[in-house]
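Read the figures in this text as sums done on the coordinates, not as results from a lab. From a predicted model like this one, the values you see are computed outputs, not experimental measurements. FYI the Cβ positions are ideal-geometry reconstructions off the backbone, even for glycines, and counts take in every protein chain you see.
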Ligand code: FES
């Protein structure tokens, strides 16, 4: 009996790049990178939208009347029209600082007042009394389409105690 002829398998194909392909690929990558950099420069972003969280409507804010919102934040609309997003967390030891609308001190009414050790902050978060190392920390805040948005990724340390407006704290009983 004769044996059945078997075709020899063809040798595996080897990928061969033309000498021109590799430099062209690098050139294409370089062009893509340059375009991406150019777009980032021409349209600088103030942060990806995903970084911002809408926490209130702007018309919910009343001047000098802090609004507690999610994320342990107070939104404060100042008389100047500026909106601050203050952390409710006391930089002293981390207690949550309530707003005391009826608390009178140094001729003003309405302070952030920590009952633990009496840390006392004005509406801009500047510390006027107590063992606070600095004022209340601040998140970046913006208004978009009537929404007040906070970036919880952007927190800066509160103002130095020297930021007091020339008034010196008085001793509380
Ligand atoms: S933060 Fe609680 S005692 Fe100061």
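The ranking of 149, 51 by Cβ neighbour count inside 10 Å, starting from the fewest, reads 51, 149.
For the range 43-106, the equivalent ellipsoid derived from the Cα gyration tensor has semi-axes of 25, 17, 11 Å, listed largest first. Here is the tail figure for the range 71-159: Cα pairs spaced more than 14 Å apart come to 62 percent of all pairs.
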